[in-house]
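The values are calculated or read from the model by the stated rules, or taken from the named source; none is laboratory data. Since this is a predicted model, take the numbers as computed values, not measurements. Using ideal geometry, Cβ is built from the backbone for each residue, glycine included, and neighbour counts are taken over all protein chains shown.
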Amino acid sequence: MTDLSAFAITHKWPAEHPDRLQLYSLPTPNGVKVSIALEELGLPYEPHLVSFETQDQTSPAFLSLNPNNKIPAILDPNGPGGQPLALFESGAILLYLADKTGQLVPHDAAARYETLQWVMWQMGGVGPMFGQLGFFHKFAGKDFDDKRPRDRYVAESKRLLKVLDERLAGRTWVMGDTYTIADIAIWPWVRNLVGFYGAGELVEFSQYQEVQRVLAAFVARPAVARGLAIPARA
Ligand SMILES: N[C@@H](CCC(=O)N[C@@H](CS)C(=O)NCC(=O)O)C(=O)O
């Protein structure tokens with residue numbers, strides 16, 4: 001029987017199935033990347049809800065695994081060399097899961113790096129820019145009279161959507177015929193921008209036909225529909 005008791009995070013979120021990969025998350029655009037990947041891969045895992053309402057992400061137990069106090073994070077009892085592996089940062093987790101299973105990332109070296117390039121593009125561009133737009137459009141920032149910060153993130157989000165739209169012309173997914181971790185990284189953020197953030201009109205989403213087409217294909221995947229609701233909110 002696997003013993004994860006050396007990991008303090010399991011004291012707050014006990015592992016009912018310590019032989020399974022433990023997921024600490026919340027269904028946000030970064031959180032669902034990992035639950036969607038796990039659902040796509042069919043890996044056995046145990047989800048744990050990290051509630052922002054109770055500031056779980058700043059609890060000592062959570063910080064013991066991720067000092068950066070952000071979801072998602074995982075603890076894989078069967079990591080490299082058969083040893084437990086704790087990991088945070090959604091991009092790193094996606095790559096780890098892809099490498100662990102040999103799926104969702106091309107085996108060809110050049111195509112693999114190209115996939116990572118798009119994952120990094122999401123991590124460094126789409127996530128931070130769309131996130132700031134959400135702050136200035138939907139959350140506390142919307143009350144600021146000075147609209148220059150909001151407009152800066154609108155412009156940057158539109159630029160990123162255009163880059164994505166052009167990339168998708170003639171391609172089924174970001175990497176062509178192959179559905180990869182690049183799609184799993186990018187699409188939850190695009191969905192969130194027009195859904196939860198309600199910024200579709202602001203970024204003139206109707207202009208981006210290819211983006212709309214692939215977003216629809218992504219949300220139609222059964223594994224995506226399941227992953228979007230994991231961990232279930234209390
Ligand atoms: N670069 C990180 C970002 C993670 C992130 O920003 N998570 C947000 C939810 S989407 C969070 O945990 N926020 C809680 C907080 O800031 O206190 C990743 O991709 O994993």
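Out of the stretch 30-69, which residues are assigned to a loop (DSSP other than H, G, I, E, B), within 11 Å of the ligand (Cβ to nearest atom) and surrounded by fewer than 16 Cβ atoms within 10 Å (Cβ to Cβ)? Hits for the stretch 30-69 are S51, F52, Q55, N68, N69. Among the residues of the stretch 52-92, the one identified as β-branched (V, I, T) and within 19 Å of P18 (Cβ to Cβ) is I74. Is at least one residue of the stretch 96-110 in a loop (DSSP other than H, G, I, E, B), within 16 Å of the ligand (Cβ to nearest atom) and outside the structural domain of G195 (by TED's automatic domain parsing)? Checked the stretch 96-110: no residue is in a loop (DSSP other than H, G, I, E, B), within 16 Å of the ligand (Cβ to nearest atom) and outside the structural domain of G195 (by TED's automatic domain parsing).
Being of a type in the set (D, E) and touching a helix residue (DSSP H, G or I) at 6+ places or on another chain (Cβ under 8 Å) holds for only one residue in D151, D177, D165, D145, and it is D165. When we screen V194, V190, V214, V154 for residues that are of a type in the set (A, V, I, L, M, F, W, C) and either in the same structural domain as L38 (by TED's automatic domain parsing) or over 23 Å from E39 (Cβ atoms) (or both), the only hit is V154.
Evaluated against (1) closer than 22 Å to L94 by Cβ; (2) out of contact with any Ser or Thr (no Cβ under 6 Å at 6 or more places or on another chain), A182 falls short on exactly one condition, (2).
Does N78 fit the bill of being modelled with pLDDT of 95 or more, farther than 17 Å from I184 by Cβ, within 13 Å of the ligand (Cβ to nearest atom) and not in a helix (DSSP H, G or I)? Spelling it out, it is not the case that N78 is modelled with pLDDT of 95 or more, farther than 17 Å from I184 by Cβ, within 13 Å of the ligand (Cβ to nearest atom) and not in a helix (DSSP H, G or I).
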